[in-house]
Structure formats: C-alpha cells, structure tokens
C-alpha cells in the first residue's frame, strides 16, 4: 500500500511536468526562396567571379515594380531569390553592369499554415520558367516545389571556357 | 465471492512462506491458483475528467471521453475508449484561428502488473492503445501581404471544412484505486506517438481530436472516475 501511495504521488506530480515537454514545430526558416545553382556545361558547380546584381521584377496593374535583391556581389555560385505573391516573377541578372539576362518564372502560389504559433507562409509550384541566353546557356527546373526546405529548384548553365570566361 | 477468494489466496500465500514448501510444489500451487481465476472478472465504465476540467478553467481545447474496460483473469484489461475533442483557438499574436470538433476512438489492452497482489485496494497497469479520428477543421488568418516587391499583392488566408484523419499509438501507465463500493478513481500517463495525419495542400492540422496538438509525440495525463458495473 505504501508503494501504491508513492506511485500515486509521482503520477500526480508528473501532471505538472509533462505539459512542459510539448515541442513547438515552428520551422527555423519561415520564408520560401527559389534556389538557383550555377553550373558549367558539364554540370560542375561554378562561381561568377565578377559583380552580379539581381533585380526582381513584377507587373502590377500598368506599372512594373523593381526590387533589388542582390547588389553587386562577387563570386556568386548560387542564388536564393524570393518569388512574388503574383503569378509571375522576373529576375534580371546584370553581369558587371554590362550584360543582362532575364529569367521569367510562372508560379502557382500556395498559402500554407503549419502551426497556430508559427503563422502562415507562402509556398510555390513552378509551372513554367524561361530565360534569355545572353550570358547564360540555359535554365533547368530541378524541383518545381518551392518551400522552406532550402532545396535546389533551378540549375543555371554557363559555358565555361578553358581560360575561365 | 471474488473478494473471499482473494482473501483465501492471500492467506494461502502467507502460510506457504512459513512452512517453506518445496519450490516445485509452490510453483504448482501458484499455477493451480491462477488457473482457478474465472476468465470474466467484470466490466467497468470510466469517465476522463481532466480534459473537461482544463476546458472549464479556460483552455481553448475540450477533451472528454468514456471508456469501457473488461477484466479478464484479473490480469488482462481490454478497453474501448470513445471521446470527443474540440478546439477553438485564436493566437492573439498573429490572429490565426483554428477550429475543429470531432469524436475519436481508441482500442487497446492493459496488463495488471499487480494481479498477484489481490489484497490491495487497487492496481497498477501498463498497456497500449491504437487511436484514430476523422475530422474536419477551419483555419483562417489575416491577409498575407507580400514582404517583397512593395507589398503589391495581398492573398487572403481562409479555409473551411478541410477534411483530415489521423491515427496514433499510445503507451499507457496508470493506476486504479477503489474509493467506495464499486466506485474507483485512477490516474494514467500516456505517451502518444503519431502514426499518420492527412495533410492538406494549404495546411496541416494543428489539433487532432484524441491526440492533442499535432506533433510527432506528446505526453498526456488523465484522471478517471470509474464505476465497476455490477455484472
């Protein structure tokens, strides 16, 4: 009987401790970015050594909204860029202020609720992607689902010559 | 009848200690005594009130259930639990609102660890449950404004009647103590492991009736009022 009382007390006290074990499921990253990797014609990772500027561009009504996302960075080998809440987002890549490529991405937006404590976030499904090919060779969608998992979504192919140009 | 048998059994055991009966004979007697326990030892009806108490004290979540438990050989305790879970919660920090209400079901088996200590007014048990619930929920929040591109686009967030279902396993450890005549009470601790939950493209359920807040696992403490049915 004495043992039973002890166990009873332990269980009663546990009522105060166990609720503290609840684990919050908020992800460390609540934003979804499109991830681009730079690769050469053989699929090997490469970096653009000169300065690179990326401007995000959307159409809103009759006007075009520009948002500078990356400003004159060097040695860029990958990009993480936010898509808009519209259905199309363009990224203008300016290479050393001289040449430009425009990547146009059509996407379906997926508002997402994970947890009452964590708020909502926007995920995307890429439905189409096109690019100009002034400096880059091509664009390939490797994963059309853009969420907060930080996975590669696109490969940008460049032709790299022996002297690194 | 049962209590007199328990008394006899307890007395028999105490005599065995003094007389130092050979081990083989002792084992045979023990086996014989266990064989004599009738299979059906009764039914009990249990009402879990901790969830209701928590709701009355201001929680956004209501969880209450009843259970029907059979006692087989005073050792095996199969149980069926039927409950109702309800959540209507708003996070004041971000104005998100989640609402659901649905029944849930569990089936399982407990083992009376103290089945030999029949002189005690209660027993400790351990067991397993399989739980399931099919439910729908509403989730809504403030409009989502694009954090980039000058906030040009705003998307509403509101989904109603989202259908989902979930299943889970529970490990149970608890005790039952006799209070008065056929009335008993008990505590139990439950460790719940989520097996599956159906997600929607735009949301995951925040609260699953019978399981609690949606996570890989959770702990729960339950308080039961129990009535041993007189048949």
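The values are calculated or read from the model by the stated rules, or taken from the named source; none is laboratory data. Keep in mind the model is a prediction, meaning the values are calculated, not measured. Glycine gets a Cβ as well: all are built from the backbone with ideal geometry, and neighbour counts include every protein chain shown.
Here are a few things to note about the model shown:
Here's the yes/no breakdown for (1) assigned to a strand (DSSP E or B); (2) free of Cβ contacts under 8 Å to residues at least 60 places away in the same chain; (3) farther than 30 Å from residue B:88 by Cα; (4) within 14 Å of chain B (Cβ to nearest Cβ):
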| site | (1), (2), (3), (4) |
| --- | --- |
| A:122 | yes, no, no, yes |
| A:125 | yes, yes, yes, yes |
| A:130 | yes, yes, yes, no |
| A:135 | no, yes, yes, no |
| A:150 | no, no, yes, no |
| A:155 | yes, no, yes, no |
| A:159 | no, no, yes, no |
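- Single unsatisfied condition, residue A:79 versus (1) within 12 Å of another protein chain (Cβ to nearest Cβ); (2) buried (at least 20 other Cβ atoms within 10 Å of the Cβ); (3) closer than 24 Å to residue A:28 by Cα: (1)
- Annotation: of all residues in the stretch B:133-152 being touching a residue at least 40 places away in the same chain (Cβ under 8 Å) and more than 12 Å from chain A (Cβ to nearest Cβ), the one that is nearest to residue A:84 (Cα to Cα) is B:135.
- Looking across the stretch B:203-228, the residues that are in a strand (DSSP E or B), facing another protein chain (nearest Cβ under 7 Å) and out of contact with any helix residue (DSSP H, G or I) (no Cβ under 9 Å at 6 or more places or on another chain) come down to B:203, B:213.
- Positions within the stretch B:29-53 being in a helix (DSSP H, G or I) and either modelled with pLDDT of 70 or more or closer than 20 Å to residue B:182 by Cα (or both), in sequence order: B:50, B:51, B:52, B:53
- Test: residue A:50 is outside any strand (DSSP E or B) and either within 18 Å of residue B:154 (Cβ to Cβ) or within 12 Å of chain B (Cβ to nearest Cβ) (or both): no
- Count of the stretch B:133-147 residues which are crowded, with 17+ Cβ neighbours inside 10 Å and within 30 Å of residue B:175 (Cα to Cα): 1
- Residues in the stretch A:82-108 that are in a strand (DSSP E or B), crowded, with 20+ Cβ neighbours inside 10 Å and within 14 Å of chain B (Cβ to nearest Cβ): 5 in all.
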